[in-house]
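Bear in mind these aren't lab numbers, they're just calculated from the coordinates by the rules spelled out. Here the structure is a predicted model, which is why all the values come from computation and not from measurement. Here Cβ is always computed from backbone atoms with ideal geometry, including for glycine, and neighbour counts include all displayed protein chains.
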């Protein structure tokens, strides 16, 4: 089973609906050109009345020349909101920047900035999104408009949840619930709160908040947010190994989910059904639900529901002895899992970078303040008597020492942060991103001097069984043990990184193809013959290796990765615990 953190992620659905957090149903007909009233009506329209909203928006656009400047800016915001709804984020960002820079309306600037922040998060500009979030939170005490405060808190808490900052997100959500605008219900904040509590492992299937949230959204007539909470509860049933309850609850919720037609909800519901049937041992229904998930998914999708779905399909096909199908589903599962983890890591890293910037700005402010104090002391020295001069000089030196201390602390923090961002937290070797960056740089240098290099991908065989049989702590120990073995056969010039899970990458520099094959086989044999021992048990394991050489495929890192990966999977398909190289040659090298 995958860990709870990655099973169900409702915030992409909330992000898709985020532009409607301020809207409610209202009549569209207006006989008089009271633009203020018409603009307020447009802001209250709900997504299930979206055709009426479009009619009203078109009417307003046609009559914009008769509006006051303030009303035209309000209309500009609604146009940007509709552009987000259509998925044209780049055009929407230009419109929102125009509002922020030129409207002069503080409340409108806050709402436009919050929507811009959400767009940056959706388009994976995470560092910019968190920088803007910090600015919005800092300016929040000055925001008096309740609607603007609500919008800012909604988007900020949603962004924090997506980066795993659940406690901070919950704090903002509770603040949002205490100061609701007149037209708003507590339903949407309740949905956000349930997602954040679930991500922070603070909910069980019996938690009263879940049913309270569902009842609140039913009473408010907001079924989509209610479905989000229902899916959270179903995910908890699966996490708690109560698959029958999950199946019953999902079947009860399915008509409403299908009626709302929100894509991510339908995908998550089918994937959860597949997980529940699989845990129940009903492989036929699990397979049916898993295939239904793939049927409704969009090409190129990358999300937790599809990852869990491919895991179920892989397990079923493996159990039935369909090796080719099982391997295909396993490859899809690995791709989905790696993509999800990389995206989550990018969001978390962007949050940390933004926090570092805030700290640096704070320290810079303190530095300037202390420098001003120094100037004041220098002026005082000119006015004071000679007998007090030594005292002021001592104070000056103390202030300078304080500045130096903080500057050194900042520099040390920056260096430490840079080091940590390039290493894998478990094994201490390069992480995926840093390994690929360094490998690409090294290959460029190798190409200029016409040298040779080999790229090897190493994947531990049946690693999941180690976790299942001995626990994740034993699995972590195996990973560190494998790293230690590999390092015995590597030179200081070689690059070594963890690509994700139990897969590693090695770039052997100044190494022809034959030597690369020999080194890879030495490593494979060493792994096979060096079990890890502890608590009276010896855990044996093996590895499959795929190798690609610049002799054959040139110096492009992406090409070498594709060929090494293809060779690795050929090693898996042909029995594991072997080295495969050069997939396009007639005779594959095998150890």
Using alpha carbons only, how many angstrom separate the centre of the stretch 282-338 from the centre of the stretch 240-276? 17 Å
Spacing of the two label points (7 Å from each Cα toward its C-beta) at residue 406 and residue 86, in nm: 4.9 nm
Least to most buried among 130, 541, by other C-beta atoms within 10 Å and fewest first, runs 541, 130
Residue separation times 0.36 nm, minus the C-alpha to C-alpha distance between residue 319 and residue 518: what's the value? 68.1 nm
Based only on other Cβ atoms within 10 Å, what is the fewest-to-most ordering of 393, 466? 393, 466
If you rank 397, 258, 136 by fewest surrounding Cβ atoms within 10 Å, what's the result? 397, 258, 136
Between residue 382 and residue 144, what's the calculated FRET efficiency when r is the beta-carbon distance and R0 is 60 Å? Round to 0.05. 0.85
Highest mean first, what order results for 317-325, 140-148 on Cβ atoms within 10 Å? 140-148, 317-325
How far is it, in nm, from the label point at residue 171 to the one at residue 477 when both lie 7 Å from their Cα along the line to the Cβ? 3.9 nm
Simple SL model, points at 7 angstrom along Cα→Cβ for residue 438 and residue 241; separation in nm is 4.1 nm
On a full-extension model of 0.36 nm per residue, what is the gain between residue 34 and residue 302, subtracting their alpha-carbon distance, rounded to one decimal in nm? 91.9 nm
For 77-84, 453-460, ranked highest to lowest by mean beta-carbon neighbours within 10 Å, the order is 453-460, 77-84
Ranked packing of 567-577, 437-447, most packed first, by mean Cβ within 10 Å: 567-577, 437-447
Extension gain, residue 219 back to residue 491 (0.36 nm per residue minus Cα-Cα distance, nm): 91.3 nm
Tell me whether the stretch 185-320 comes out rounded, prolate or oblate; compute the Cα gyration tensor, take square roots of the eigenvalues as a ≥ b ≥ c, and use a/c under 1.5 as the rounded threshold. prolate
Three-way shape call for the stretch 51-171 based on the alpha-carbon gyration tensor, with the a/c threshold at 1.5: prolate
With a ≥ b ≥ c the root eigenvalues of the C-alpha gyration tensor of the stretch 164-253, is it rounded (a/c under 1.5), prolate (a/b larger than b/c) or oblate? oblate
